[in-house]
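The values are calculated or read from the model by the stated rules, or taken from the named source; none is laboratory data. Keep in mind it's a predicted model, so treat the numbers as computed, not measured. Heads up, the Cβs are rebuilt from the backbone with ideal geometry, glycines too, and the neighbour counts pull from every protein chain shown. When the accessible area is computed, the model is the full protein with side chains, heavy atoms only, and any ligands, DNA or RNA have been set aside. Shrake-Rupley method; radii C 1.70, N 1.55, O 1.52, S 1.80 Å.
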Amino acid sequence: MLLIDVYLDRSAIEGIGVFAKRAIPRGTMVWQLHPEFDRLIETSLYESQTGAVKSYLDRYAYPSRANPGHIV
């Protein structure tokens, strides 16, 4: 879950992007896992996926350091 104020706007990189509303001081925590908003998926379930679901997870998910065997 993002812990800073953000907004969506046009981006030359991807067409649309997420931007901070204010400058972020160095060392500021910007995101934290929140079990009610973020999803932990078992790696075995991820590996069994195909098509659009697999493509989405390949692009946006990442391994969980705190929960080995899961992606966020």
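Among the residues of the range 6-52, write down those that are assigned to a loop (DSSP other than H, G, I, E, B) and of a type in the set (D, E, K, R).
Of the residues in the range 6-52, the ones assigned to a loop (DSSP other than H, G, I, E, B) are 12-14, 21-30, 32-40, 48-50.
If the condition is that a residue be assigned to a loop (DSSP other than H, G, I, E, B) and of a type in the set (D, E, K, R), then E14, K21, R22, R26, E36, D38, R39 are the ones that fit.
Looking only at residues that are among the basic types (K, R) and without any contact (Cβ under 8 Å) to a residue 24 or more places away in the chain in the range 22-72, which one is farthest from V6 (Cα to Cα)? Steps first, answer last, please.
Our first condition is that a residue be among the basic types (K, R); within the range 22-72, this holds for 22, 26, 39, 54, 59, 65.
Still in the list and also without any contact (Cβ under 8 Å) to a residue 24 or more places away in the chain: 22, 26, 54, 59, 65.
Values: R22: 8, R26: 17, K54: 27, R59: 21, R65: 25 Å.
Filtering first and then ranking leaves K54.
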Report yes if L40 is within 15 Å of V72 (Cα to Cα), touching a helix residue (DSSP H, G or I) at 6+ places or on another chain (Cβ under 6 Å) and open to solvent by less than 80 Å² (accessible area, probe 1.4 Å), otherwise no.
-> no
Considering only the range 48-72, state which residues are loosely packed, with under 12 Cβ neighbours inside 10 Å and of a type in the set (D, E, K, R).
-> D58, R59, R65
